[in-house]
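The values are calculated or read from the model by the stated rules, or taken from the named source; none is laboratory data. Since we're looking at a predicted model, the values are computed, not measured. Neighbour counts are summed over all protein chains in view; Cβ atoms, including those assigned to glycine, are modelled from backbone coordinates with ideal geometry. Note: accessible area is taken over every heavy atom of the protein model, side chains too, but ligands, DNA and RNA are not part of it. Shrake-Rupley method; radii C 1.70, N 1.55, O 1.52, S 1.80 Å.
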Amino acid sequence: MMRADVKRLSDAEKINLDRCYAESDRQRGMTRKAQALLAAAGQSESALHWYVLRVELNSEMAVDKLLQDANVERWLPFMKVADKRRSGRKKEARKPISMLAWPGYMFVRVDPKAEAWAGLRTVKGIVGVLAAGEKPFPVKHEKVLQLKVFLEGNVMAMGEIALMFKLGQLVRVNAGPFASHNATVFEIDEEAGTIGVDVMIFGRSVPITLGLDQIDKG
């Protein structure tokens, strides 16, 4: 091989390596941009709202970890269910096990800006967000807390809900035989996760005790 050919080959290799380094830098830049967009989804302290994400089945835990690493507030709902006995085994108490409440779905709390949605779209495993038409559908913070209490018995959620209500406040029952009835709070037991209310039935006040997940603000 002639010396000139060797020089041309050497120059070609140098050029190709330069392109590789440039491409690598570009990819790292895109990654940094994607990370910045994703982080922006959870950085704003104002105007935060909960939304329901659709994620690929069997990717829920991976998506949850990615959002955690990006400091994005999220909630992957689990619920306790009785473990099924295997046939042939002696009868014994069923131990509750945790399983996904809604496979393929999870909650995320973000400031609904274009940067937040752009960041979330960079997360592998996220399919989309539940929306009304093209507008993402928000879920009230109060409802998410109630779901946490209902599904998991979440103590912190109980405490946060309890702080939302005051004695004498007008509320609305959302579950049980008195659903849709208005009521007045007369007792709040944060430790037990219950609330005492007076419900008007046939013109008279009836005191009942409900779970903190069974009432809404009036």
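Of all the accessible heavy-atom surface of the stretch 63-218, with the other protein chains kept in place and a 1.4 Å probe, what percent is carbon and sulfur?
Carbon and sulfur atoms account for 55 percent of the accessible area of the stretch 63-218.
For LEU170, what charge total do you get from the other residues with a beta carbon under 12 Å from its beta carbon, if Lys and Arg give +1 and Asp and Glu give -1?
+1
Which shape class, rounded, prolate or oblate, goes with the stretch 66-190 when its Cα gyration tensor gives a ≥ b ≥ c as root eigenvalues, a/c under 1.5 marks rounded, and past that a/b bigger than b/c marks prolate?
Details: a/c = 2.12, a/b = 1.06, b/c = 2.00.
The shape class here is oblate.
Starting from the Cα of ASP198, step 7 Å along the direction of its Cβ; do the same at ASN174; then give the gap between the two resulting points in nm.
Going from the ASP198 label point to the ASN174 one covers 2.5 nm.
For ARG54 and SER205, calculate 0.36 nm times their separation in residues minus their Cα-Cα distance, and state this gained length in nm to one decimal. Intermediate results must be reported in sequence, preceding the final value.
Details: separation 151, 0.36 × 151 = 54.36 nm, distance 4.40 nm.
Working it through step by step, the gained length comes to 50.0 nm.
Under 1.5 on a/c is rounded, so check that first for the stretch 138-218, then, if it is not, pick prolate when a/b is larger than b/c and oblate when it is not; a ≥ b ≥ c are the square roots of the alpha carbon gyration tensor eigenvalues.
Values: a/c = 1.92, a/b = 1.60, b/c = 1.20.
Here the stretch 138-218 falls in the prolate category.
Which peptide among 198-205, 113-120, 142-149 comes first, and what is the full order, when sorted by highest mean count of other Cβ atoms within 10 Å?
The densest-packed peptide leads the list: 142-149, 113-120, 198-205.
Give, as a single signed number, the net charge of other residues whose beta carbon lies under 11 Å from the beta carbon of PHE78, with Lys and Arg counted +1 and Asp and Glu -1.
On the way: positive: LYS80, LYS148; negative: GLU60, ASP64, GLU152.
That sum, taken over residues with Cβ under 11 Å, equals -1.
Quick one: net charge of LYS217's neighbours, Cβ under 12 Å, K/R +1, D/E -1?
+2
Is the stretch 157-199 rounded, prolate or oblate when judged by the Cα gyration tensor, a ≥ b ≥ c being the square roots of its eigenvalues, rounded requiring a/c under 1.5 and prolate requiring a/b larger than b/c?
Judged from the Cα gyration tensor, the stretch 157-199 comes out prolate (a/c at least 1.5, a/b above b/c).
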